[in-house]
Structure formats: structure tokens, C-alpha cells
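Input: a single structure, listed below in C-alpha cells.
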Amino acid sequence: MAVDFSIIGKRLKDARKKKGFTQEQLVEKMGVSIAYLSKVETGKIHINLERLSQICNILGVTEGEILNGVSNHSEKYLHSEFYELLKQCSPKKQKLIYKIVQVISKEI
């Protein structure tokens with residue numbers, strides 16, 4: 001599965017704005033240029049895990065929220081992942097998966 005850096009960049013930008021930071025404020029805390037952050041937020045360059053972790057710590061979000069789009073503390077954790085997987089399955093496979101989930105949910 002290929003990583004879509006434009007989506008990661010959009011999530012970072014959204015998290016920055018939600019926190020109330022301008023690009024200038026964030027780059028000051030990071031020690032990088034505005035041009036670098038702008039390219040990250042538009043997906044024009046690939047951010048490494050160290051920088052991603054740094055930004056996430058500053059913005060108070062998890063790396064998982066940025067990479068997956070959902071917080072593991074959310075009630076909707078993994079909903080989109082399951083949905084995407086199910087979309088790729090035939091109706092026959094979807095029915096089988098549904099039956100398996102029914103059995104598992106009754107056991108727990």
C-alpha cells in the first residue's frame with residue numbers, strides 16, 4: 001500500500017489550524033523553514049517519521065491520527081479501515097466476514 005503524503009499533509013495542516021498555530025509559529029517550534037512545512041502540508045515532499053513525531057508532539061495529536069485519520073481513542077477507531085477492506089471484497093466474502101464477526105461478538 002502506497003503512502004499518500006498529500007493526505008498526511010492535509011491532516012497535519014488541519015491539526016495545526018485546529019491547535020490555532022500559524023505556519024510561522026509551528027516552524028519556530030520545529031526549527032525548520034516555512035517552505036519546508038508548506039511542502040509537507042501540500043504533500044510535495046515526504047516527511048520522515050522523526051519529523052512527523054516532532055510535529056505530532058507539538059500539536060498534541062498522535063501519529064496514528066495523522067497516518068490513519070482516526071484516533072485510537074475515538075469510538076470510530078478502525079471504522080474506515082474496515083469499510084475500505086469490505087469495499088474490496090465480493091458480496092460473498094462480505095457475508096462470510098459478517099458471519100464471522102457475529103460469532104466473535106457473541107463470544108466476547
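The simple spin-label model puts a point 7 Å past each Cα toward its Cβ; for residue 96 and residue 82 those points are separated by 1.9 nm. Note on 83, 36: ascending count of other Cβ atoms within 10 Å places them as 83, 36, the fewest first. A dipole drawn for the chain from +1 and -1 charges on Cβ atoms has a positive end, and of 105, 56, 5 the residue lying farthest that way is 105.
Report which label in (1) 13, 37, 23, 16, 9, 1; (2) 13, 31, 33, 21, 1; (3) 16, 51, 30, 3 holds the value of P(r) over Cα pairs in 10 Å bins from 0, in percent derived from the coordinates of this structure. Matching entry in (1) 13, 37, 23, 16, 9, 1; (2) 13, 31, 33, 21, 1; (3) 16, 51, 30, 3: (1).
Under a model in which nothing but the beta-carbon of Lys, Arg (+1) and Asp, Glu (-1) is charged, the chain shows a dipole of about 440 debye around its Cα centre.
No value in this document is a laboratory result; all are computed from the given coordinates. The structure presented is a predicted model; accordingly, all values stated were derived computationally and were not measured. With ideal geometry, Cβ positions are generated from the backbone for all residues, glycine too; neighbour counts draw on all protein chains shown.
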